[in-house]
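Peer 1: I have a structure here, written as structure tokens, and I will follow up with some questions on it.
The values are calculated or read from the model by the stated rules, or taken from the named source; none is laboratory data. This one's a predicted model, so the numbers in the text were calculated from it and none came from an experiment. All Cβ positions, even for glycine, are placed from backbone atoms using ideal geometry, and neighbour counts span all protein chains on display.
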């Protein structure tokens, strides 16, 4: 189609189209333990990374036939764990590592549950994209169901106002923060821009450690750095909290 926008032709040797991934779990004979894989082949686990057995059997009516178990309520197997892509919880390398650590903690008797909602994700495109927590529609839907729809706050900022991004010639980008206006909890963060994959950790750590926005507001960010995009989002959010009537001494002077 005709366009006034500049067009660029990129010649390549090959183009990879990836439509998804499937777990390589066939042949593990998990049916002999009474484990029923889901329809895509993922291994069911509980919050402690323990493999779940039972839950409807595997379609074989007779117990013991072909190593199968009959239908039964799901139960956690105390000595069998599954971490990483095979359980389908969060198919990223760092999530698999975190699940492995969680499993070891539970094996050693130190009860641990990994909150997958606090695990960040990133796409190393140009510019980079990164996110943690919920999207705005998902958070609003949850808030509506739970009765705190009026407490959802959303603020945005842009990389074009960041000195470091301008100096690097990478001023295209934006940031979006979703938060609770009364508690100051971070509910979701989305970044598109220079070093977004690095910047997202300030928000993922805040979610994991239950750090509130007024607490983050106290932190000082070096200038000029791209991290000031995060600082700008936090300032905007705290200003919204003030307008919503939230009382907190950390918000003074925002």
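Peer 1: Which condition from (1) surrounded by fewer than 18 Cβ atoms within 10 Å (Cβ to Cβ); (2) under 13 Å from the mean Cα position of the chain (by Cα) is the one that residue 131 breaks?
Peer 2: Going through (1) surrounded by fewer than 18 Cβ atoms within 10 Å (Cβ to Cβ); (2) under 13 Å from the mean Cα position of the chain (by Cα) one by one, residue 131 breaks only (1).
Peer 1: How about segment 71-141: which strands (runs of 3 or more DSSP E) wholly inside it have at least 2 residues that are in the same structural domain as residue 199 (by TED's automatic domain parsing)?
Peer 2: 121-123, 128-133
Peer 1: Here's another thing I want to ask about it. Regarding residue 159, is this residue in contact with a helix residue (DSSP H, G or I) (Cβ under 6 Å, 6 or more places away or on another chain), buried (at least 22 other Cβ atoms within 10 Å of the Cβ) and over 20 Å from residue 125 (Cα atoms)?
Peer 2: No, not satisfied.
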